[in-house]
Amino acid sequence: AWKQLKLLNFPSFESEQLIPVYGLEEIYVTNEQKSVIPLDFNKEMRPLEINKPIYWDEPNLKPFERQELNLNWDVSIEQAISNEQSPDSFPINKAEEERCIVGVTEFLRQVYSNESGNWTLKTLHRDQGYIHALLRLYQEDTKCVFHRKLMVIFDAKSLQAINYVDNNLFVEQFGHFSCSEEVLVNKNEAYQNIKDHFELTPRYVFDSQQNKYILCGLLDCHYGVRASTGDIISLNDL
């Protein structure tokens, strides 16, 4: 729990400022307490960790053409009765991993051609019949609660990039916010102030490495510690 307590800058759209707050980064703790699973709101499968910075020598000036996604994924009665395995439950193999890395590189050469080395491929995971590649932009100031990220979506059969989602428009909304509050409370003090507000809720999480659901505890907290005063505040009020 102490490791998950982070000092982050939360944007306040009311005051147009970044407010330094100690908040708990949610995470799943396995029941035997020997490992943790990162929280992801979009899937039950544990993603494949890559953590590879992407570099290229020359841009590709060919324009990228987005393709429409088919998110109407119906399951027939026959599939349900036969207990047919979901395509999303299959692990991403080494060949698929390598082709997705090549595909991410080619995509960045086309769409973000002048940003070689700026993007890191964090994870790969399956979702609704597609393979999603999550990338994060390198930023010197990594303490903001919202980071620039990019999701490149691959056709699971051809392993060609067909669409993408960039959160840049959202991040730009508070790009001009300043951080005027001084951090006067250290992490140990903040932890002592907030630890009684931590919640640990039982959850079954699918572990793709074991190919089964395992019992975990969702470590979460709806409150934070204002780093300038030490006051407990509701994160919903920011």
Along the positive direction of the dipole of the chain (beta-carbon charges: Lys, Arg +1; Asp, Glu -1; about the Cα centre), which of THR120, HIS176, PHE146 reaches farthest? THR120
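For the chain, what is the charge dipole size about the Cα centre, in debye to the nearest 20, if Lys and Arg each add +1 at the Cβ and Asp and Glu each add -1 at the Cβ? Provide the component values of the computation, followed by the final result.
Working: 23 positive and 36 negative charges, 118 e Å.
So the dipole magnitude of the chain works out to roughly 560 debye.
As a check on your grasp of the helix formula, calculate [θ] at 222 nm for the chain: sum -39500 (n - 2.57) over DSSP H runs of n ≥ 4, divide by the residue count, round to the nearest 500.
-4000 deg cm²/dmol
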Could you give the size of the charge dipole of region 99-238 about its Cα centre, using +1 on the Cβ of each K and R and -1 on the Cβ of each D and E, expressed in debye and rounded to the nearest 20? 700 debye
Considering the Cα positions of region 102-228, please state its Rg to one decimal place and its Dmax as a whole number of Å. 19.3, 53
Taking 7 Å along the Cα-to-C-beta vector as the label spot, tell me the TRP56-LEU71 distance in nanometres, rounded to one decimal. 2.7 nm
LYS149: which lysines have alpha carbons under 18 Å from its alpha carbon, excluding same-chain residues fewer than 8 sequence positions away? LYS43, LYS52, LYS122
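If I take R0 = 35 Å and measure r between the Cβ atoms of LYS6 and TYR213 in this structure, what FRET efficiency does the formula 1/(1 + (r/R0)^6) give, to the nearest 0.05? Please list the in-between numbers first.
Numbers: r = 28 Å, r/R0 = 0.80.
E(calc), rounded to 0.05, equals 0.80.
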Cα-centred dipole magnitude for region 1-131, charges only on beta-carbon of K, R (+1) and D, E (-1), debye, nearest 20: 460 debye
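Throw me the Rg/Rh for the chain, computed over C-alpha atoms with Kirkwood Rh, two decimals.
Details: Rg = 20.5 Å, Rh = 20.4 Å.
Radius of gyration relative to Kirkwood radius: 1.01.
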If you consider only alpha-carbon coordinates, what radius of gyration and Dmax does region 1-99 have, in Å? 20.8, 56
By average Cβ neighbour count within 10 Å, what is the ranking of 167-176, 8-17 from highest down? 8-17, 167-176
With an 8 Å Cα cut-off and a minimum separation of 6 or more residues, compute the relative contact order for the chain in percent. 27 percent
For the chain, the charge dipole (Cβ of Lys, Arg +1; Cβ of Asp, Glu -1; about the Cα centre) points to a positive end, and the Cα of PRO87, ASN193, VAL102 closest to that extreme belongs to VAL102
Please list, or write none, the aspartates and glutamates whose alpha carbon is within less than 17 Å of the alpha carbon of LYS157, excluding same-chain residues fewer than 8 places away. GLU68, ASP88, GLU96, GLU97, GLU98, ASP127
Largest first and to the nearest Å, give the Cα extent of region 62-171 along each principal axis. 52, 34, 27
Ignoring ligands, DNA and RNA, what accessible area per residue does region 91-177 give at 1.4 Å, in Å²? 50 Å²
Theoretical FRET efficiency, 1/(1+(r/R0)^6), r = Cβ-Cβ of GLU49 and ASN163, R0 25 Å, to 0.05: 0.65
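The values are calculated or read from the model by the stated rules, or taken from the named source; none is laboratory data. All figures in this text were calculated on a predicted structure; none of them were measured in a lab. For neighbour counting, all protein chains shown are included, and Cβ atoms are generated from backbone atoms with ideal geometry for every residue, glycine included. In case anyone asks, the SASA skips ligands and DNA or RNA and just uses the protein heavy atoms, side chains included. Shrake-Rupley method; radii C 1.70, N 1.55, O 1.52, S 1.80 Å.
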